[in-house]
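Worksheet: the structure to be examined is printed underneath.
The values are calculated or read from the model by the stated rules, or taken from the named source; none is laboratory data. Quantities reported herein were computed from a predicted structural model and do not represent experimental measurements. Don't worry about glycine lacking a Cβ; one is built from the backbone with ideal geometry, like all the others, and counts go over all protein chains shown. Note: areas computed on protein heavy atoms with side chains; ligands, DNA, RNA excluded. Shrake-Rupley method; radii C 1.70, N 1.55, O 1.52, S 1.80 Å.
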Amino acid sequence: MTRPDPAVLLADLCQEGDLLEEILRPLSAEDWDRPTPAEGWTIRHQVAHLSWTERTVLTALEEPEVFAQLRERFGAEVDVVDRAAAEGATRAPAEILASWQDSRRRVLERLAAVPGGKRIPWIGPPMGAPMMASARIMETFAHGQDVRDALGVPPVASHRLRHVAHLGVATRDYAFWQRRLEPPAEPFLVELMHEDETWTWGPAEAVQRVHGPALDFALLATRRRHRQDGSLVAEGADADAWLDIVQAFAGRPGPGRAPLS
């Protein structure tokens with residue numbers, strides 16, 4: 001699948017954030033304390049984490065030497081993310097929301113100014129601005145889904161899922177490496193459906209195949225749903241094994257979610 005124009009990516013990133021803001025703005029203080037499916041995390045934690053991650057992106061863009069030190073902490077300290085979320089969650093909801101609004105606006109501005117071809121250091125492999133924008137869409141979608149689950153709001157199937165799916169496909173080998181497994185040598189064909197579109201990655205003649213709804217794949221790749229809760233189909237042993245471990249994000253995969261039913 002061809003990558004979209006960088007301006008389109010940034011517009012989609014802005015839109016994904018705007019959609020979550022619409023959900024957050026009318027919430028009461030009590031709502032912000034609702035537990036989400038992530039153990040120990042309330043809505044406060046989820047949004048505080050998004051704000052912290054956006055600020056981490058800004059550090060990677062503006063202070064790469066400082067970011068290099070932070071990257072070392074990720075490898076040495078398993079609870080960096082949880083501790084940052086817990087610290088951020090101590091603030092008032094209005095402050096948490098304002099912090100995230102400001103940091104995501106600044107990330108949009110900075111990514112728009114990154115020269116083509118420049119690589120941005122990150123927790124996983126370095127990436128260009130378009131891939132970083134996709135990663136921000138993915139994370140906003142993922143933590144936004146945690147907020148929706150806490151409020152009983154269903155997932156949103158939008159065209160922006162193609163960015164989440166692209167990351168899930170692009171990080172196939174990374175998912176195996178994270179579990180100290182040898183990645184499959186042969187390419188996969190991935191076909192995902194959204195409304196009247198089919199998004200395709202990989203050669204048509206591939207033996208190992210995955211197909212099904214784009215929303216199901218996005219929720220699985222962000223580990224917001226158990227594989228049993230979707231209708232993805234894998235053809236081939238390697239493709240089947242991949243769907244058990246797929247992750248579109250850098251870092252430790254975590255325990256994943258239990259089946260909804």
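Residues that are assigned to a helix (DSSP H, G or I) and within 15 Å of Gly168 (Cβ to Cβ) were ranked within segment 215-233; the one that is most open to solvent (accessible area, probe 1.4 Å) is Arg227. Check Asp82 against each of (1) more than 14 Å from Pro6 (Cα to Cα); (2) modelled with pLDDT of 95 or more; (3) more than 15 Å from the chain's Cα centre (by Cα) and name the one condition it does not meet. Failed condition: (2). Of all residues in segment 120-134, at least one satisfies being in contact with a Leu (Cβ under 9 Å, 6 or more places away or on another chain), farther than 13 Å from Leu58 by Cβ and open to solvent by 50 Å² or more (accessible area, probe 1.4 Å). Only one residue in Glu109, Glu95, Glu77, Glu87 is at pLDDT 95 or above, out of contact with any His (no Cβ under 9 Å at 6 or more places or on another chain) and more than 20 Å from Asp18 (Cα to Cα), so which one is that? Glu87 is the lone residue from the list that is at pLDDT 95 or above, out of contact with any His (no Cβ under 9 Å at 6 or more places or on another chain) and more than 20 Å from Asp18 (Cα to Cα). No other residue among Gly212, Gly236, Gly202, Gly254 is at positive phi, open to solvent by 30 Å² or more (accessible area, probe 1.4 Å) and touching a Leu at 6+ places or on another chain (Cβ under 7 Å) apart from Gly202. Residues that are modelled with pLDDT of 90 or more and either assigned to a loop (DSSP other than H, G, I, E, B) or of a type outside the set (D, E, K, R) (or both) within segment 234-256 comprise Ala234, Gly236, Ala237, Ala239, Ala241, Trp242, Leu243, Ile245, Val246, Gln247, Ala248, listed in sequence order.
If the condition is being without any contact (Cβ under 8 Å) to a residue 60 or more places away in the chain and closer than 11 Å to Ile137 by Cβ, then segment 9-23 contributes only Ala11.
Look at (1) farther than 20 Å from Ile120 by Cβ; (2) exposed (fewer than 12 other Cβ atoms within 10 Å of the Cβ) and you find that Glu62 fails only one, number (1). In the set Asp18, Asp5, only one residue is among the charged types (D, E, K, R) and modelled with pLDDT under 95; that residue is Asp5. Each residue in segment 172-199 was checked for being of a type in the set (Gly, Ala, Ser) and open to solvent by less than 40 Å² (accessible area, probe 1.4 Å), and 1 of them qualify. Quick check on Ala204: is it more than 21 Å from Ala38 (Cα to Cα) and part of a helix (DSSP H, G or I)? So Ala204 does not fit the description; no. Scanning segment 33-59 for residues that are over 19 Å from Gly124 (Cα atoms) and open to solvent by 10 Å² or more (accessible area, probe 1.4 Å) yields Asp33, Arg34, Pro35, Thr36, Pro37, Ala38, Glu39, Gly40, Trp41, Thr42, Arg44, His45.
So, in segment 1-40, of the ones that are closer than 16 Å to Arg160 by Cβ, of a type in the set (D, E, K, R) and in a helix (DSSP H, G or I), which residue ends up farthest from the chain's Cα centre (by Cα)? In this case the residue turns out to be Glu22. Within segment 136-164, the set of residues being closer than 26 Å to Glu186 by Cβ and surrounded by fewer than 24 Cβ atoms within 10 Å (Cβ to Cβ) comprises Arg162 only. Scanning segment 49-61 finds no residues that are polar (S, T, N, Q) and not in a helix (DSSP H, G or I). Taken as a whole, the structure places Ala60 among residues that are under 26 Å from Tyr174 (Cα atoms), in contact (Cβ under 8 Å) with a residue 24 or more places away in the chain and among the small types (Gly, Ala, Ser).
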